[in-house]
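Accompanying notes for the structure given below.
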Amino acid sequence: MRRGWKMALTGGLRCCRRVLSWVPVLVIVLVVLWSYYAYVFELCLVIYLTLYHAIFVFFAWTYWKSIFTLPQQPNQKFHLSYTDKERYENEERPEVQKQMLVDMAKKLPVYTRTGSGAVRFCDRCHLIKPDRCHHCSVCAMCVLKMDHHCPWVNNCIGFSNYKFFLQFLAYSVLYCLYIATTVFSYFIKYWRGELPSVRSKFHVLFLLFVACMFFVSLVILFGYHCWLVSRNKTTLEAFCTPVFTSGPEKNGFNLGFIKNIQQVFGDNKKFWLIPIGPSPGDGHSFPMRSMNESQNPLLANEEPWEDNEDDNRDYPEGSSSLAVETET
């Protein structure tokens, strides 16, 4: 009886958590809908409406794609078979378990390791993690090329939707900037007492305040992710240096500026600004700089970071504003 109550309570808490996780998304949607109403129907800036709607459509489109593009998980070949899982769980000697994972990893395109040099293994999903894959404790699954879990889209940002997330940030910045610049003239009229409508005064003040507030925070976040893309890093890799079979290497995935951008947006520049198509590749393996080049101090852009993090930790829920998810 007591066990049944515990299970019911756990299920109820899990359900509440799922409902509450949509609150940040609902806040953003309500703010955007209000900004649309205030800009189009209250201020009615007719000469600005054409360009405004073009930006608004791309902003809403990329936001939708960021929310509803499901994170991609490792395919079946990275999961332990039933027999291997039984052998691994029944083995009590850690050194034997470690060797078992090493033997299994030899058949897979896996080149990264934990901080201690062991094969990266998820004991929750029972799989050998592909390179750049991490376990998200919020989504309760391993995500390919995980960047972070973003509560503002209630989704995990990774290989399947990182392109859409960057486009969403770009159009968000453009949306806020456009509103702020076009509403500023009405803000001047407000101070001069040239706005007779009380409702117009409220919308002008609040529109300008909200647009400027979001613009500043979004510019910082977008600039940070542009830097990450230029170095072919994820947020997790920026805070915790990837460890390869040859050792820690900060620039192991850095292919050069143009190729780094293509790794996210693809080779066809016509689709760089349109949320169509995923990033190139399968998300399980990625091109790397040769170890000889990356270890040459004359060719490497930066000195290797010290590796002071282990790869087997839990990443709690974070925000998209530079918060880092922790891996299991």
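Observations on the model:
- The residue list Leu221, Leu208, Leu228 contains one member that is in contact with an Asp or Glu (Cβ under 9 Å, 6 or more places away or on another chain) and either under 30 Å from Leu33 (Cα atoms) or modelled with pLDDT of 95 or more (or both), which is Leu228.
- Screening Thr235, Thr245 for residues that are closer than 30 Å to Lys145 by Cβ, touching a strand residue (DSSP E or B) at 6+ places or on another chain (Cβ under 7 Å) and surrounded by 14 or more Cβ atoms within 10 Å (Cβ to Cβ) leaves exactly one candidate, Thr235.
- Residue tally, condition in a loop (DSSP other than H, G, I, E, B) and either in contact with a Ser or Thr (Cβ under 8 Å, 6 or more places away or on another chain) or at positive phi (or both), over segment 21-78: 6
- Residue identified as on the phi > 0 side of the Ramachandran plot and modelled with pLDDT of 90 or more among Gly252, Gly277, Gly266: Gly266
- A count restricted to segment 37-66 and to residues that are exposed (fewer than 15 other Cβ atoms within 10 Å of the Cβ) and either of a type in the set (Ser, Thr, Tyr) or over 22 Å from the mean Cα position of the chain (by Cα) (or both) stands at 10.
- All of (1) open to solvent by less than 40 Å² (accessible area, probe 1.4 Å); (2) in contact with a helix residue (DSSP H, G or I) (Cβ under 8 Å, 6 or more places away or on another chain); (3) in contact (Cβ under 8 Å) with a residue 60 or more places away in the chain hold for Val173 with one exception: (3).
- Taken across segment 183-203, residues that are at positive phi and either open to solvent by 30 Å² or more (accessible area, probe 1.4 Å) or assigned to a helix (DSSP H, G or I) (or both) do occur, with at least one present.
- Segment 150-182, subset assigned to a helix (DSSP H, G or I) and among the polar types (S, T, N, Q), residue modelled with the lowest pLDDT: Thr182
- Residue in segment 85-121 that is surrounded by the fewest Cβ atoms within 10 Å (Cβ to Cβ), counting only those that are more than 32 Å from the chain's Cα centre (by Cα) and polar (S, T, N, Q): Asn90
- Residues (more than 10 Å from the chain's Cα centre (by Cα) and crowded, with 24+ Cβ neighbours inside 10 Å) located in segment 145-166: none
- Only one of Glu325, Glu306, Glu302 that is modelled with pLDDT under 90 and open to solvent by 70 Å² or more (accessible area, probe 1.4 Å): Glu306
The values are calculated or read from the model by the stated rules, or taken from the named source; none is laboratory data. Please read all numbers here as calculations on a predicted model, not as lab measurements. Note: ideal-geometry Cβ built from the backbone for every residue, glycine included; neighbour counts use all protein chains shown. Please note that ligands, DNA and RNA were not included when accessible areas were found on the heavy atoms of the full protein model with its side chains. Shrake-Rupley method; radii C 1.70, N 1.55, O 1.52, S 1.80 Å.
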